[in-house]
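Asker: One structure coming up, written as structure tokens, with questions to follow.
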Amino acid sequence: MSYNIRHGEGIDTILDLSRSAKIIKNYAPDIVALQEIDNFCLRSDSIGQTEYLAQQTLMTGTFGGFMKFQGGEYGMATLSLKPLISTNVLQLPDGEYEPRTSIVHEIQISQEHNIIFANVHFDWISGEDGDFNRLSQAKALTGYINTLNKAAIITGDFNCA
């Protein structure tokens, strides 16, 4: 599952992270890529959203920040029911206004098989500059994943029209 939670603020502008937890629980995925996660930021009541969602869904949570924001960090998270073998927060080429990263995990999906699971949130601006930035970010990510020589899933918010 991939889910941009907008730091827990719904389209109704109400901040209620429990709604995101409820959606994740209803779908019951093994692995979730989350974007727009706040980690102790003022706008979201200074809580660790990754830890909260991990507790509510009974999953293991990993946060990967890409910038300092309102007393905390802003970034992405991955939740998993499967064992995490390794985690790398990979620096990607910066977006127009914000830095960008990808959380890249090796995850054990069975006794005999591990996969690479990459969570991304590419640059959000429109036009040629945005297209260039997203392509640069995608090339950096796939270049890194190709060195790992394992089956891979790349998911997230690609910000493509």
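Asker: Within segment 95-124, can you find the residues that are surrounded by fewer than 20 Cβ atoms within 10 Å (Cβ to Cβ) and among the hydroxyl-bearing types (Ser, Thr, Tyr)?
Answerer: Scanning segment 95-124 gives TYR97, SER110.
Asker: Go through (1) closer than 18 Å to ALA152 by Cβ; (2) in contact (Cβ under 8 Å) with a residue 40 or more places away in the chain and name the single condition GLN49 misses.
Answerer: Condition not satisfied by GLN49: (1).
Asker: While we're here: Tally time: how many residues in segment 125-157 are open to solvent by 60 Å² or more (accessible area, probe 1.4 Å), part of a helix (DSSP H, G or I) and touching a residue at least 24 places away in the same chain (Cβ under 8 Å)?
Answerer: Qualifying residue count, segment 125-157: 2.
Asker: Follow-up. For segment 136-153, give me each residue that is under 18 Å from PHE66 (Cα atoms) and of a type in the set (A, V, I, L, M, F, W, C).
Answerer: ALA138, ALA140, LEU141
Asker: Here's something else I'd like to know. Name the single residue, out of those in segment 18-44 being charged (D, E, K, R) and more than 14 Å from MET67 (Cα to Cα), that is most open to solvent (accessible area, probe 1.4 Å).
Answerer: Pass one, segment 18-44, residues charged (D, E, K, R): 19, 22, 25, 30, 36, 38, 43.
After this cut, where a residue has to be more than 14 Å from MET67 (Cα to Cα) as well, the list is 19, 22, 25, 30, 43.
Working: ARG19: 85, LYS22: 127, LYS25: 105, ASP30: 80, ARG43: 80 Å².
Selected residue: LYS22.
Asker: Could you tell me which of the residues PHE63, PHE117, PHE69 is aromatic (Phe, Trp, Tyr), touching a strand residue (DSSP E or B) at 6+ places or on another chain (Cβ under 9 Å) and in contact (Cβ under 8 Å) with a residue 60 or more places away in the chain? Quick ask: steps written out before the conclusion?
Answerer: Numbers: PHE63 fails: in contact (Cβ under 8 Å) with a residue 60 or more places away in the chain; PHE69 fails: in contact (Cβ under 8 Å) with a residue 60 or more places away in the chain.
From the options PHE63, PHE117, PHE69, the qualifying one is PHE117.
Asker: Let me ask another. Taking the residues in segment 108-124 that are under 14 Å from the mean Cα position of the chain (by Cα) and part of a loop (DSSP other than H, G, I, E, B) as candidates, determine which candidate is farthest from LEU84 (Cα to Cα).
Answerer: ASP123
Listed here are the residues, each with its yes/no results for (1) under 14 Å from ASN4 (Cβ atoms); (2) in contact with a helix residue (DSSP H, G or I) (Cβ under 7 Å, 6 or more places away or on another chain).
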| site | (1), (2) |
| --- | --- |
| LEU17 | yes, yes |
| LEU42 | no, no |
| GLN55 | no, no |
| THR60 | no, yes |
| PHE63 | no, yes |
| GLU73 | no, no |
| SER80 | no, no |
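The values are calculated or read from the model by the stated rules, or taken from the named source; none is laboratory data. The structure presented is a predicted model; accordingly, all values stated were derived computationally and were not measured. Glycine gets a Cβ as well: all are built from the backbone with ideal geometry, and neighbour counts include every protein chain shown. When the accessible area is computed, the model is the full protein with side chains, heavy atoms only, and any ligands, DNA or RNA have been set aside. Shrake-Rupley method; radii C 1.70, N 1.55, O 1.52, S 1.80 Å.
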